[in-house]
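Right, one structure below, let's go through it.
The values are calculated or read from the model by the stated rules, or taken from the named source; none is laboratory data. The model shown is predicted, which means the values in this text are computed figures rather than measured ones. Every residue, glycine among them, receives a Cβ derived from its backbone with ideal geometry; neighbour counts consider all protein chains shown. For accessibility, only protein heavy atoms count, side chains too; no ligands or nucleic acids. Shrake-Rupley method; radii C 1.70, N 1.55, O 1.52, S 1.80 Å.
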Amino acid sequence: MTQAEREQENGKEKDKEREKEKEKEQQRGVKRPIAPPVIPEPIQEQIQSNFIVVIHPGSKALRIGRATDTLPVIVPHVIARKHKQTGQPKYEDPWLLREGLDKPESNEQRQNGLKMVDQAIWSKKMSNGVRRTPVSAEQARSYNRQVRPAVLDSSSRVKWTNTTHQPEHLVGEEALYVNPTDCYNVHWPISRGQLNVHGGPGGSLTAVLSNLETIWSHVIRKHLEIPLKDLKYYRCILLVPDIYNRQHIKEMVNMLLLNMGFSAIVVQQESVCATFGSGLSSACVVDVGDQKTSLSCVEDGVSHRNSRLCLAYGGSDITRCFFWLLQRAGFPYRDCQLSNRLDCQLLQQLKEVFCHLDQDISGLQDHEFRTRFPEAPALLYQIRLGDEKLQASMALFYPSMFGIVGQKMTSLQYRSQGDSEDPHDEHYLLGTQSKQDQSAKGSADRKSLPKAGGLEGELGVQGGGDPSDPRGGGGHSQDVELGPSQSECLLGGAELEESPSALLSRKTAMSQFEGKALGLDKAILHSIDCCASDETKRKMYSSILVVGGGLMFHRAQDFLLHRIINKMPPSFRRLAENVEVITRPKDMDPRLISWKGGAVLACLDTTQEMWIHQREWQRFGVRMLRERAAFVW
């Protein structure tokens, strides 16, 4: 008998023995345990990245595309709407103009800012050790006033948008080139990172949301070639500012899920997406946009709430400041107006071409630029400029040069005002936390002062209810997660319970801080200083990530690094050699890094837990953001 046959015989004998054992057990009445059926694992829905649309709405540009796209579609974030009635007065949202520029003190403030900039320029030597020679605006003015333009072509070949078929609305470039004589209002639905709600025509929240929906739907249909009826098969990632308006975010999510019909959405902060897009785990993210500059320290995909700061100035303010300096130097294009959207476009281009932060460039230099406007000849202008190109860029560090008076220039992350749809918000958590604290304090007081009944009664009133309320459970951990408000961080960590006089003085200090415009370098230092530990601060100094299109000047990286090292707190001076400013991670366009991070987010496994589905939103509303948002709502 072979070995294989022997094993086969042994197997048969074992099977017979097992059957005999079963028969004996059945005769004795013994029940064998029933093996539980195999429970199939819930099937994880396979999400295809080409069915995810990433939307990064900016004040002046909308970036939108599929998560699989190499680059997003970039469209001017503007819409022109046809007048509903004939004879209606025309209205345009301002682009470079803003409130606070026409105050009596504006010009004085501008001149003082310019003096500080000049002092900073002249005090620093060039790389060859030679001091710069000051160039006055008068030297350039005498030349520029004599310049007359040369005609390149009798027709600029640029045309106004054709409105003969009278479309109800026009979007993007078409809206920019609407003839001012046509009956259209022009609206920019986002201003300084927030919805552009104002008291003028088209400024209501409903109108602004309608404009957003129209722009986004048009771009999705025309540029992404997705029929709107197919959006039910698509998901959406929406990038929001670090300091966000909860009401605005709620309305935008509502619009995307219920009005436009996306099947699910993830909401994430711009700064966190910037770290994803640049491949950094931790960074102090400095986002210099067209109309606002936001700062936030991000560590392992979480934005530190205390470090968030938003400055109400950006690239368009530099453009307007540059125009003021050009006028001082005798700008040869004398018909230029800040109220004309095509002139604003030209000035933006001149700023991007001419301005720099290279202190080795000095003296007068000759340049040229062209103007191409509809129904006008193409012209070539010569212009001679000196320090104006450096002075305008340095306004980011000396924002008094913007001449903005009486406006809130610095925003911090405040606690929410509350929402009737979200009863268990942070006010509820803080209230239950306060009751627990009062209960603990009351019991401690009873132990130390057994007869102090009056004090105990007062504490009970301040607590606002029964200290033993069972809803107070878990308050401690939530409050730690929420952290102190930004104002507490700024003023040294104020206690929740304050005397009226202390509260008043704190609010006064806050209002003064918000009225001031911090320079970019000081704002970065302040943001990092608000981090909780020295270890986190060291991480942030070693990775200062600059994104957005507002600081894309030649030598901006070196200039900012020099400013930060010079102003670092003495306790961190030893880290000076580790300080790093990153302006083009992986050689990417800094304007696209946050959008790219949104596309990366779509592919992460952890994102699966963050999707808010349409049905969930219909049933639970804004509470889903508290449950699913990757940041403390």
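Observations
- Put simply, the amide H of Val547, placed in the peptide plane, has neighbours under 5 Å in Val286, Asp287, Val288, leaving out anything fewer than 5 places away on its chain.
- Summarising the label geometry, the points placed 7 Å from Cα in the beta-carbon direction at Asn50 and His554 lie 4.3 nm from one another.
- Gyration tensor verdict on region 144-277 (Cα atoms; rounded if a/c is under 1.5, prolate if a/b is larger than b/c, oblate otherwise): prolate
- Accessible-area composition of region 312-376, carbon plus sulfur, in percent [1.4 Å probe]: 41
- Quotient of Cα Rg and 2.2 N^0.38 Å for region 224-354, N being how many residues it contains: 1.39
- Based on alpha carbons, the Rg and Dmax found for region 273-345 are 17.7, 52 Å.
- Taking a ≥ b ≥ c as the square roots of the eigenvalues of the Cα gyration tensor, region 193-233 is prolate, since a/c reaches 1.5 or more and a/b is larger than b/c.
- Sequence-distant contacts, meaning Cα pairs under 8 Å at least 6 residues apart, place the relative contact order of region 294-435 at 27 percent.
- Every Cα-Cα pair of region 200-293 was included, and the share exceeding 16 Å stands at 64 percent.
- One quarter of the convex hull surface built on the alpha carbon atoms of region 347-414 amounts to 7.7 nm², the projected area averaged over directions.
- Translational diffusion of region 72-183, µm² s⁻¹ [Kirkwood Rh, Cα pairs; Stokes-Einstein; 25 °C; 0.890 mPa s]: 123
- Extending 7 Å from Cα along the Cβ direction at Glu580 and again at Lys232 yields two label points whose distance is 4.9 nm.
- Relative protection proxy for 557-569, 98-110, from highest mean packing down: 557-569, 98-110 (other beta-carbon atoms within 10 angstrom).
- Karplus-derived 3J(HN,Hα), 6.51/-1.76/1.60, for each residue of region 223-231, Hz, glycine and proline x: 8, 8, 6, 10, x, 4, 5, 8, 5
- Computed E for Arg221/Asn112 - FRET, C-beta separation, R0 35 angstrom, nearest 0.05: 0.10
- Diffusion coefficient, µm² s⁻¹, Stokes-Einstein with Kirkwood Rh over alpha-carbon pairs of region 333-377 at 4 °C and 1.567 mPa s: 103
- For region 57-214, lysine pairs separated by 8 or more sequence positions, or belonging to different chains, with Cα-Cα distances below 29 Å total 13.
- Accessible area of region 122-257 belonging to carbon and sulfur atoms, whole % at 1.4 Å probe: 50
- Annotation: per residue accessible area for region 174-223 equals 37 Å², rounded to a whole number [probe 1.4 Å, protein chains only].
- In region 523-633, Rg over Rh equals 1.09, where Rg is the alpha-carbon radius of gyration and Rh the Kirkwood radius from pairwise Cα distances.
- At the listed q of 0.14 Å⁻¹, the Debye profile of region 571-633, built from one uniform point per Cα, gives log10 I(q)/I(0) equal to -0.68.
- Per-peptide average of other Cβ atoms within 10 Å, ordering 611-620, 390-399, 65-74 highest first: 390-399, 65-74, 611-620
- The three principal axes of the Cα atoms in region 145-222 give end-to-end lengths of 49, 35, 24 Å, sorted in falling order.
- The calculated FRET efficiency for Arg573 paired with Tyr414, based on their beta-carbon distance and R0 = 25 Å, is about 0.15.
- Segment Trp160..Glu17, full-extension length gain: 42.0 nm, with 0.36 nm per residue of separation and the alpha-carbon distance subtracted.
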